[in-house]
Amino acid sequence: MNFWGRPHDHDRAALGRDRNAFTGNDFTAAELDGVSFRHIDLRAQRFPGLLGYALLDRIAERVSAVLPLVDGWPDDEHRQEARSALEFLADSAYAWNDDQALVSPARMGRKLPPALREELFAAFRHTSSDTFRG
């Protein structure tokens, strides 16, 4: 599911606006698997306080900071999966949400073993200041 903070270009004139109101939404009881936020201020929403979610800023910076960890993994397949997931996360965060993202271990690479996803998630969250820690 995608939530859009801006109407599509072809809908803006008909709607008479260039932003959709999207603040104060309560996702605290939601399981946010397969959910995408586009051009939405993530800090203006309420997200799960469950362990395993973190609302993070500076995604591209965090990716750069954790790549040496990934490069040290012995399994080439795991390195490639992690790099691919991190690049997708960074590209999406930059393109859609001002370099912010709601992150969970699943976003670290679904094909990685759970222990590696957790290791990567922990390193990723602690590379710079968090907007929110869950």
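No lab work stands behind these numbers, since they all come straight from the coordinates. What you are looking at is a predicted structure, and each value in this text was computed from that prediction instead of being measured. Please note: Cβ atoms are built from the backbone with ideal geometry, for glycine as well, and neighbour counts cover all protein chains shown.
Scanning the stretch 1-50 for residues that are of a type in the set (A, V, I, L, M, F, W, C) and either closer than 15 Å to Arg107 by Cβ or touching a Lys or Arg at 6+ places or on another chain (Cβ under 8 Å) (or both) yields Phe3, Trp4, Phe27, Leu32, Val35, Phe37, Leu42, Phe47, Leu50. In summary, strands (runs of 3 or more DSSP E) completely within the stretch 1-115 and bearing 1 or more residues that are surrounded by 12 or more Cβ atoms within 10 Å (Cβ to Cβ) and touching an Asp or Glu at 6+ places or on another chain (Cβ under 6 Å) occur at 54-56.
Within the stretch 100-112, residues that are within 22 Å of Glu77 (Cα to Cα) reach partners that are part of a helix (DSSP H, G or I) and among the basic types (Lys, Arg) with beta carbons closer than 6 Å, at six or more positions or on different chains, in the pairs Pro105/Arg117; Met108/Arg117.
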